[in-house]
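A quick write-up on the structure given underneath.
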Amino acid sequence: MLDVDSIRKDFPFIKNGRIYFDSTATSLTPDPVLNKMLEYYREYRSNVGRGIYKISQLATEEYENARKKVAGLINAKPNELVFLRNSSEGLNLVANGIGLRRGDEIVTTIQEHHSNFIIWLRAKERLGSDVKVVSCNKSGSFNLEDFDKSVTKKTKIVSVTHVSNVLGALTPIKEIAKIAHEKGSLIMVDAAQSVPHMKIDVRDLGVDFLAFSGHKMCGPTGAGGLYIKETLVENVEPLCIGGGTIDDVGVDYYKIKKGPAKFEAGTPPIAEAIGLGEAANYLSQIGMGNISDHEHRLAKMMLDGLLQIRGVRVHGPLSLENKTGIFSFNISGIDSHDVAMALDASSNIMVRSGHHCALPLMKEVLNERAGSVRASVYLYNTEEEVNTFLNALEEISKTLS
Amino acid sequence: MTSFYELYRKFPKADCGYCGNASCVTALRKYFMGKFSLDECLYFKKQIYNKGDFTEKPTRKASPFPPGIRYISPCPSDSSMVTAEVSLNSSPDQIDYFDFITAEKIFGYNYGVMKISPTLGIARFEVDGKAVMAFSDGRVLVRRALDKKDAFWQLRTSIRRLWAAVN
């Protein structure tokens, strides 16, 4: 069981009655991660993979140790883990690196974050690839038959989100991966909203690529990772090349390195990667199972409370069976931005409002072009905070809508 | 006993701010609550009821004109529009800058519907179709303004309409 009071002491941001319910956008960062990053800047501040002197070797060792820790969190090998800025960069890397051509098919879904949607529309624009978009119902559930019909022998890649950043609905990744592989297609998963919140095993899921954001899992901003299956690493072209990505360079030739280093051109975000490694360590010590159990308890409170408030329309699954702690809702007669401002001004509660970078879902499925309010729970939130949130929301619905 | 409106009729309604209250309505409201003496009012002290008849020019202690407007562009609601926010409150400890119950009555009588939550310290209303929110800490915020100029005028109008409710 998670000791939330003890965990909250690690997060310096939590003070003065602040209630942070926007971990879907970015999470808070605990002191152990901040200290680890400062330790790099104070004690062994040098470049990695370049110098021969002791301090540089130490920096390289810490950087690669961080890679091991992060890879371990998702049961990947270190040579399958690329350090990037965020999920968006990982998704772009794959979209641009797998050699898409005219006539290749891409299958994605209507639930995607823009970072896993417009990259494929751009491939369609630039390369003439075909994009098929699988729709879902208002609860965010997919019909696997739709995937089976959409994926054909011409499908080059199926790219889906693991957890919707709007609805919190879980996508059946294992089943979709099976369909994709049976028809010879690759599968990529946007795991930005799943890696921070549950135990992820890339081998069990059977995916080829998996992108996630370090800054959503108690790591620093500017840190993220991309898992590339070992057998595919050499088949993916890097997005950027330059220093640190080559084995040899001549006047008229260059030879790209093997392994994840080929995707990390130039001086990497060293402190960020080391911080991300410490975040992976922090979460592992607490236990991903404990974190998801804690979130499940809070999610149940929140869902039950939201459904009881008159005037509130909850989007997505109305049970916690295939749902995480992300809640999108609207209050009749009041704009989502006004709700968010009211919560912030009255009760120091921080939630997101708007379209959440998922316009196709908001427009076509939910019919909420103006956006919705989104609240999300994480390991540092408490039942008391959920109660305060529900009380404030009830007052807003009663008096301001 | 003199009623509120009978007494209010005798005021010049100059909203000069001399007594430290932002408006004559606020001063009268406090008078009826026993928190204000008519001796504090320049006009009643000199028994002058016409704006132009005073010999001392009152020093305004409060102003309905918005200082220091913060513009947010693009507006979170619509990327082609502007949000503007201003804080009228210069005392960070004062959390009851507006009397929303009075605001709702005056606004409702003159301009339309104002939704209020005294518990949360928030008022919501519209000015020319633009959503406006006022908060008990003295902030006023307008969204979906066409541009900065439009945002300024909506804020100014909103503040004027709220002025009688400033504590």
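Every number here is computed from the coordinates shown, using simple stated rules; none is lab data. Not measured: the values here are computed from a predicted model. Cβ placement follows ideal geometry from the backbone for every residue including glycine, while neighbour counts extend to all protein chains displayed.
Worth a mention:
- Degrees, to the nearest 10: A:270-286 long Cα axis against longest axis of chain A: 50 degrees
- Globularity index of the range B:68-165, i.e. its alpha-carbon radius of gyration over 2.2 N^0.38 Å: 1.02
- Efficiency of FRET between A:Leu307 and B:Arg160 - r from beta-carbon atoms, R0 45 angstrom, step 0.05: 0.60
- Net length gained if the chain between A:Glu384 and A:Glu321 were fully extended (0.36 nm per residue, minus Cα distance): 20.3 nm
- C-alpha long axis of helix A:383-399 to longest principal axis of chain A, angle in °: 60 degrees
- Separation in nanometres of the label points that stand 7 Å from Cα toward Cβ, at B:Leu7 and A:Asp247: 9.2 nm
- Antiparallel %, DSSP beta bridges [both residues in the protein assembly as shown], to 5: 70 percent
- For the segment A:334-344, counting C-beta atoms of other chains within 10 Å of every residue's C-beta and taking the mean gives 5.
- Considering chain A, its Cα convex hull presents a mean projected area of 20.3 nm².
- Other protein chain Cβ atoms within 10 Å, averaged over every residue that makes up B:128-136: 2
- Sorted fewest first by neighbouring Cβ atoms within 10 angstrom, A:Thr399, A:Thr171 come out as A:Thr399, A:Thr171.
- Global geometry of the range A:73-213, whether rounded, prolate or oblate, following the gyration tensor of its Cα atoms and the 1.5 cut on a/c: rounded
- Evaluating 6.51 cos²θ - 1.76 cosθ + 1.60 at θ = phi - 60° for every residue in the range A:155-167, the Karplus couplings come out as 6, 8, 8, 10, 10, 9, 7, 7, 9, 5, 6, 9, 9 Hz, glycine and proline recorded as x.
- Rounded if a/c under 1.5, otherwise prolate or oblate - the range A:1-126, Cα gyration tensor axes: oblate
- When B:Glu104, A:Glu272 are sorted by how many other C-beta atoms sit within 10 angstrom of their C-beta, beginning with the fewest, the order is B:Glu104, A:Glu272.
- GNM top mover of A:Glu368, A:Glu384, A:Glu264 - chain A, alpha-carbon springs below 10 Å: A:Glu384
- Sorting A:Asp104, A:Asp5, B:Asp96 by the number of Cβ atoms found within 10 Å of their own Cβ, with the fewest placed first, yields A:Asp5, B:Asp96, A:Asp104.
- Spin-label pair A:Lys153-A:Glu364: with each label point 7 Å from Cα along the Cα-Cβ axis, the two points sit 2.7 nm from one another.
- Electrostatic tally near A:Ala299: other residues with Cβ closer than 14 Å to its Cβ, Lys and Arg +1, Asp and Glu -1, net -2.
- Shielding of A:282-293 by partner chains, average beta-carbon count, 10 Å: 0
- Against chain A, whose longest principal axis is taken from its Cα atoms, helix A:336-347 shows a tilt of about 80°.
- Estimated FRET transfer efficiency when R0 is 51 angstrom, pair A:Leu232-A:Asp3 (beta carbons, to 0.05): 0.80
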